[in-house]
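Written below as structure tokens is the structure these notes are about.
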Amino acid sequence: MSPKIQASLPIKINAPRQKPKTEESMVPVSFGVRLVTLLAVTLPLAGLVLAGCLLWGYGFNWVELGLLGGMYFFTALGVTVGYHRLFTHRSFETNRAVQVVLVALGSMAFQGPLLTWVAVHRRHHQHSDSDRDPHSPHAYGSGAWAIFKGFWHAHIGWLFRANPANLESYVKDLRRRPWIRRASELFPFWAALGLLIPAVLGWLLIGGWYGALLGFLWGGVIRIFVGHHLTWSVNSVCHLWGMQPFKGHDESRNNFVFGVLGLGEGFHNNHHAFPTSARHGLFWWQLDISYLVIRGLALLGLAWNIRLPRQAALASG
């Protein structure tokens, strides 16, 4: 039986109404600044790759690489497929068992409890690139220093700011489901499990406490570092550098590099144009691994009511 796929336009999420955007809240950013921003994010990751090459055979080999890549892949899917497309935007439906697995995997990415993550992201969409956006890089004016401050804020600085008092109003629909509240509250347990699993695998595959330490480092700590910066780059880089096939009210952009590395999340302009779409890579050349996973779940009968944009809406972009 083929899965049900719905052609749909964006739907509203339970959240306060956004005030009209003023022209002063949008600051044009030069190509040079965007390029420097991209390099600022990609060079540390490239440095990590270089370090792995130099360490090859000395505490880093195929097993450690497998733990790093495998743990990143599954925990990132917990965020992209679970936290983001399922719980935040209701892009598809699935059964409770799959939902619990996705909550657990997303929590292992160390990006916070499910309900907090969803609330912040819904607020971002409701007020994208306005003064109420929790992580817009366009909030500090013009000039190189202002853009740098904006980039820092969008990438990591916003994490050190207090959440607004009304944040829970963005997730009233989810809080009405007791099991979701409980799964979100179990974040510390899931997160600890995300460190324990690679350590145990390191013990079994490499051997002894040294193997457990290598598993903990590469499949745990370093994997979290990589996952954090790739996710944060969607907030920062993908609002500064990339293409805008769909013109909207914000500065969201498609960035192919982070589209691929972020399992489809970097096709951010597409996503802002069609927030409830389960597919962010809307064109054949935009590799969206998260959507392929959703389609795989559908083929197994584990996903249905998959939302996609109407073809007419895509053509109007």
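The values are calculated or read from the model by the stated rules, or taken from the named source; none is laboratory data. All figures in this text were calculated on a predicted structure; none of them were measured in a lab. All Cβ positions, even for glycine, are placed from backbone atoms using ideal geometry, and neighbour counts span all protein chains on display.
Count, please, the residues in region 124-167 that happen to be outside any loop (DSSP other than H, G, I, E, B), of a type outside the set (Gly, Ala, Ser) and touching a Ser or Thr at 6+ places or on another chain (Cβ under 6 Å). Step through it out loud before you land on a result.
At the first step, the residues of region 124-167 found to be outside any loop (DSSP other than H, G, I, E, B) are 124-126, 144-155, 157-160, 167.
Restricting the remaining residues to those that are of a type outside the set (Gly, Ala, Ser) gives 124-126, 145, 147-149, 151-153, 155, 158-160, 167.
Then drop every residue that is not touching a Ser or Thr at 6+ places or on another chain (Cβ under 6 Å), which leaves 151, 155.
The qualifying residues number 2.
Tallying residues that are in contact with a Gly (Cβ under 7 Å, 6 or more places away or on another chain) and touching a residue at least 24 places away in the same chain (Cβ under 8 Å) within region 196-205 yields 4. Check region 237-244 and report whether any residue there is more than 16 Å from the chain's Cα centre (by Cα), surrounded by fewer than 24 Cβ atoms within 10 Å (Cβ to Cβ), among the polar types (S, T, N, Q) and at pLDDT below 95. Checked against the condition, which is being more than 16 Å from the chain's Cα centre (by Cα), surrounded by fewer than 24 Cβ atoms within 10 Å (Cβ to Cβ), among the polar types (S, T, N, Q) and at pLDDT below 95, region 237-244 yields at least one hit. Quick check: is even one residue across region 193-204 in a helix (DSSP H, G or I), touching an Asp or Glu at 6+ places or on another chain (Cβ under 7 Å) and either among the β-branched types (Val, Ile, Thr) or within 21 Å of Val49 (Cβ to Cβ) (or both)? No: zero hits.
When only residues in region 220-239 that are among the hydrophobic types (A, V, I, L, M, F, W, C) and touching a residue at least 60 places away in the same chain (Cβ under 8 Å) count, which is farthest from Gly78 (Cα to Cα)? Working first, answer last.
The initial filter retains those residues of region 220-239 that are among the hydrophobic types (A, V, I, L, M, F, W, C), namely 221-222, 224-226, 230, 232, 234, 237-238.
This time we only want the ones that are touching a residue at least 60 places away in the same chain (Cβ under 8 Å), so: 222, 224-226, 230, 232, 237.
Numbers: Ile222: 18, Ile224: 13, Phe225: 16, Val226: 15, Leu230: 14, Trp232: 16, Val237: 22 Å.
The selected residue is Val237.
Anything in region 264-314 that is charged (D, E, K, R) and under 15 Å from the mean Cα position of the chain (by Cα)? List them, or say none.
Hits for region 264-314 are Glu265, Arg279, Asp288.
Can Val79 be described as assigned to a helix (DSSP H, G or I), among the hydrophobic types (A, V, I, L, M, F, W, C), buried (at least 23 other Cβ atoms within 10 Å of the Cβ) and out of contact with any Leu (no Cβ under 7 Å at 6 or more places or on another chain)? So Val79 fits the description; yes.
Can you tell me which residue in region 120-174 is modelled with the highest pLDDT, limited to those that are within 19 Å of Thr88 (Cα to Cα) and of a type in the set (Asp, Glu)? The residue in question is Asp173. The criterion of being surrounded by fewer than 19 Cβ atoms within 10 Å (Cβ to Cβ) and at pLDDT 90 or above holds for Leu196. In the set (1) under 30 Å from Pro188 (Cβ atoms); (2) crowded, with 17+ Cβ neighbours inside 10 Å; (3) among the hydrophobic types (A, V, I, L, M, F, W, C); (4) modelled with pLDDT under 75, Leu48 fails one condition alone, (2). Residue count for region 90-118 under the criterion of being hydrophobic (A, V, I, L, M, F, W, C), in contact with a Ser or Thr (Cβ under 7 Å, 6 or more places away or on another chain) and in a loop (DSSP other than H, G, I, E, B): the result is 1. The set of residues in region 171-188 that are touching a residue at least 12 places away in the same chain (Cβ under 8 Å) and either surrounded by 12 or more Cβ atoms within 10 Å (Cβ to Cβ) or touching a strand residue (DSSP E or B) at 6+ places or on another chain (Cβ under 7 Å) (or both) comprises Val171, Asp173, Leu174, Arg175, Ile180, Arg181, Ala183, Ser184, Glu185, Leu186, Phe187.
If you take the residues in region 205-219 that are surrounded by 24 or more Cβ atoms within 10 Å (Cβ to Cβ) and under 23 Å from the mean Cα position of the chain (by Cα), which one is farthest from Val79 (Cα to Cα)? Per the criteria, the residue is Trp218.
Considering the conditions (1) surrounded by fewer than 20 Cβ atoms within 10 Å (Cβ to Cβ); (2) touching a His at 6+ places or on another chain (Cβ under 6 Å); (3) not basic (Lys, Arg), Ala144 is excluded by exactly one of them, (2).
Report, by residue number, each residue of region 233-277 that is in a strand (DSSP E or B) and among the polar types (S, T, N, Q). Walk me through how you get there before you give the answer.
Quick first cut of region 233-277, residues in a strand (DSSP E or B) only: 243, 254, 267.
Hit for region 233-277 is Asn254, nothing else.
Here are some residues: Leu65, Leu115. Which one is at pLDDT 85 or above, in contact with a Phe, Trp or Tyr (Cβ under 9 Å, 6 or more places away or on another chain) and within 30 Å of Trp179 (Cβ to Cβ)? Going through Leu65, Leu115 in turn, just one is at pLDDT 85 or above, in contact with a Phe, Trp or Tyr (Cβ under 9 Å, 6 or more places away or on another chain) and within 30 Å of Trp179 (Cβ to Cβ): Leu115.
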